[in-house]
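Below is one structure, written out as structure tokens; the observations come after it.
The values are calculated or read from the model by the stated rules, or taken from the named source; none is laboratory data. All figures in this text were calculated on a predicted structure; none of them were measured in a lab. Note: ideal-geometry Cβ built from the backbone for every residue, glycine included; neighbour counts use all protein chains shown. Note: areas computed on protein heavy atoms with side chains; ligands, DNA, RNA excluded. Shrake-Rupley method; radii C 1.70, N 1.55, O 1.52, S 1.80 Å.
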Amino acid sequence: MIKLLREAAHDYPWFLKSIMGLLALAFVITMGWWGFGQEGGNVVASVGDQVVPLDEYRRAYENTYRFYKDKGQNDIKDEFLKQFVLEQLIDNRMWLHVAKEMGLTVSDEDLRKAIMQRTEFQKNGNFDPEAYRRLLSANRLTPASFEAMEAKDILTNKARLVIMDAVALTPAEYTEAQTLAAREGDADPAKAAAAKERVFQSLLFQKQQRALMAYAESMKSKVPVKIHKELM
């Protein structure tokens, strides 16, 4: 069941983003990132000095439940759904912790560009403020909460990219990629080159994903994670 949830979240990135960081940071309701706000209320989980507030967890759970309900997934057990949501939020906080350790930041311009480049907020290829407000409202998000979510998403992606950029194929893996590409045996040079590139990128991506998972697991052994299940 958890595997099903993970696969669905991968297929619907907008949904996955919508359950992350909705209320964790305080932002001015403008197009711009002004920094981290103060957290308050009960805490469902903490990862180092990063916390998951109860209100954020509840909003994430409600959004997740509604999403799968709308998709006709009525057989998902409540305990599995709660576990999935909590795992996603903890994973997010772990990478925020990593980003902080790396000294990474998100500038006003980083956030502005990320939002303005999203096609769902564009009309005729340009950012449309009205489409931005309308889509956020349809998803029960305020500009403040969405910008908080987007800033955290940018920050965690920056941390992941640092790890991914450090990964490269070894000579043995490079040879393996060449062998796999050669098996496709396309006579067209252009298609053969494209197939070779796909194989290389696929092997590199798989290795990068393993590196991310290994790094995250190693961090979990170093960073204290506390969960208050009685609040869930």
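A few notes on this one:
- Rounded Å value of the spacing that divides the Cα centres of region 122-144 and region 157-192: 38 Å
- Peptides 77-85, 95-103 ordered by average Cβ neighbours within 10 Å, highest first: 95-103, 77-85
- Computed over region 153-232, the Cα gyration tensor eigenvalues convert (square root of 5λ each) into semi-axes of 38, 13, 12 Å, ordered from largest to smallest.
- FRET efficiency for Lys220 and Glu120, using Cβ-Cβ distance with R0 set to 30 Å, rounded to 0.05: 0.35
- Dipole-positive endmost among Val106, Ala45, Leu86 within region 39-130 (Cβ charges, Cα centre): Leu86
- Entry comment: accessible area of region 106-232 is 61 Å² per residue, from protein heavy atoms only and a probe of 1.4 Å.
- Dipole moment magnitude, nearest 20 debye, region 74-232 about Cα centre, only Lys, Arg, Asp, Glu C-beta charged: 300 debye
- Length gained on full extension, Arg140 to Asp70, computed as 0.36 nm times the residue gap minus the Cα-Cα distance: 23.6 nm.
- Two-site FRET efficiency, Lys100 against Asp188, from Cβ-Cβ distance with R₀ of 35 Å, rounded to 0.05: 0.10
- Ala131-Asp110 pseudo-label distance in nm [points 7 Å out on the Cα-to-Cβ vector]: 2.6 nm
- 30 Å Cα-Cα threshold exceeded, pairs from Lys77/Lys207; Lys152/Lys220; Lys77/Lys100; Lys123/Lys152; Lys152/Lys229; Lys71/Lys100: Lys77/Lys207; Lys77/Lys100; Lys71/Lys100
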